[in-house]
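The values are calculated or read from the model by the stated rules, or taken from the named source; none is laboratory data. Quick caveat, the model's predicted, so the values are computed rather than measured. Every residue, glycine among them, receives a Cβ derived from its backbone with ideal geometry; neighbour counts consider all protein chains shown. When the accessible area is computed, the model is the full protein with side chains, heavy atoms only, and any ligands, DNA or RNA have been set aside. Shrake-Rupley method; radii C 1.70, N 1.55, O 1.52, S 1.80 Å.
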Amino acid sequence: IYRRQGQYEMALNILSEGFENARMTGHQRTEAWILINIGDIKRDQSLYEEALSAYSRALELARQIMESSQVAIATAGIGECYRFLGQLDKAEVLLKESLAQANERKQNYDAGIFSLQLGIVFYHQGKYRVAEETLNNVHDLMDRLGDKDAVARCALHLAQISYLTKRYKEALKWLQKVLRVVGELGYDEFVVVEGARMLTLFKYAMSRRVSV
């Protein structure tokens, strides 16, 4: 919860302490989860090299203990870093790999998260139609599963797609949903992280008196 509230130092302190305890007691699965969480925080802080290092260490551990779910999540984390770094082809390959693994294990939630990340990559590649279809499907899945955080992330990126394809009323509709869900969640750090690349969308929304 500290990461989602943007309290990164607090989160990192707790994770670092947990990592040392797990390392000393030989709980490698816990070590891998903590490294994945550290990677998430470093990615949110735009410290991509540090994030890649954490995810890569988690991936190595997960492979050693044959923890397939962690392998897929760490791989997707690396893919997300490449997305932020603008290396979209690398990001697409890794996220598709994670998605295939989740589908093979019939892990619908993980598959949804990887599809969300992949949908974002698609529209950055200019594949607006497939991106919108992907994100709409994930939005509906996460709505059924009750994951409001993922629902809001989908809505945010659907707003950006709508804006980029000049469907401005639809963009505002999706942004209003983001605001509504964020109000229910009580935090909005993911909007800050993702929204840093959507400034023209937010400026448009403000000009139409939609508070963001």
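For residue 32, all conditions in the list (1) farther than 30 Å from residue 123 by Cβ; (2) not in a helix (DSSP H, G or I) hold save one; what is the number of the exception?
(2)
Looking at 199, 179, 185, 156 in this structure, which one is at pLDDT 95 or above and either over 27 Å from residue 96 (Cα atoms) or under 16 Å from the mean Cα position of the chain (by Cα) (or both)?
On the way: 199 fails: at pLDDT 95 or above; 179 fails: at pLDDT 95 or above; 185 fails: at pLDDT 95 or above.
Result: 156 is the single residue among 199, 179, 185, 156 that is at pLDDT 95 or above and either over 27 Å from residue 96 (Cα atoms) or under 16 Å from the mean Cα position of the chain (by Cα) (or both).
Select, from 129, 197, 180, the only residue that is basic (Lys, Arg), free of Cβ contacts under 8 Å to residues at least 40 places away in the same chain and under 24 Å from residue 46 (Cα atoms). Walk me through how you get there before you give the answer.
Values: 129 fails: under 24 Å from residue 46 (Cα atoms); 180 fails: under 24 Å from residue 46 (Cα atoms).
One residue alone meets the criteria, 197.
Within the range 81-92, identify whether any single residue is basic (Lys, Arg), free of Cβ contacts under 8 Å to residues at least 12 places away in the same chain and surrounded by fewer than 20 Cβ atoms within 10 Å (Cβ to Cβ), and answer yes or no.
Of the range 81-92, the ones basic (Lys, Arg) are 83, 90.
Cutting the leftovers down to free of Cβ contacts under 8 Å to residues at least 12 places away in the same chain gives us 90.
Applying the additional criterion that residues be surrounded by fewer than 20 Cβ atoms within 10 Å (Cβ to Cβ) yields 90.
Yes: one or more hits.
May I ask you to list the residues in the range 22-43 that are open to solvent by 30 Å² or more (accessible area, probe 1.4 Å) and more than 23 Å from residue 192 (Cα to Cα)?
Once the filter is applied, which keeps residues that are open to solvent by 30 Å² or more (accessible area, probe 1.4 Å) and more than 23 Å from residue 192 (Cα to Cα), the range 22-43 yields 23, 24, 25, 26, 27, 28, 29, 30, 33.
Just one of 46, 16, 98, 69 is in a helix (DSSP H, G or I), open to solvent by 30 Å² or more (accessible area, probe 1.4 Å) and polar (S, T, N, Q); which is it? Full working, then the answer.
Working: 46 fails: in a helix (DSSP H, G or I); 98 fails: open to solvent by 30 Å² or more (accessible area, probe 1.4 Å); 69 fails: open to solvent by 30 Å² or more (accessible area, probe 1.4 Å).
Within the list 46, 16, 98, 69, the selection yields 16.
Are any of the residues in the range 188-206 over 23 Å from residue 117 (Cα atoms) and in a loop (DSSP other than H, G, I, E, B)?
no
Just checking, which of 55, 123 is in contact (Cβ under 8 Å) with a residue 12 or more places away in the chain, aromatic (Phe, Trp, Tyr), assigned to a helix (DSSP H, G or I) and surrounded by 23 or more Cβ atoms within 10 Å (Cβ to Cβ)?
Details: 123 fails: surrounded by 23 or more Cβ atoms within 10 Å (Cβ to Cβ).
Within the list 55, 123, the selection yields 55.
Can you name the residue in the range 101-115 that is open to solvent by 70 Å² or more (accessible area, probe 1.4 Å) and polar (S, T, N, Q) and, of all such residues, is farthest from residue 140 (Cα to Cα)?
103
Quick one: what pairs do we get from the range 23-43, first residue in contact (Cβ under 8 Å) with a residue 60 or more places away in the chain and more than 15 Å from residue 75 (Cβ to Cβ), second among the aromatic types (Phe, Trp, Tyr) and part of a loop (DSSP other than H, G, I, E, B), C-beta under 8 Å, 6+ apart or different chains?
Taking only residues 6 or more apart or on different chains, not a single pair turns up.
Answer yes or no as to whether residue 129 is closer than 30 Å to residue 173 by Cα, open to solvent by 60 Å² or more (accessible area, probe 1.4 Å), among the basic types (Lys, Arg) and more than 16 Å from the chain's Cα centre (by Cα). Walk me through it before giving the result.
Details: closer than 30 Å to residue 173 by Cα: yes; open to solvent by 60 Å² or more (accessible area, probe 1.4 Å): yes; among the basic types (Lys, Arg): yes; more than 16 Å from the chain's Cα centre (by Cα): yes.
Yes; evaluated as a whole, the condition is true for this residue.
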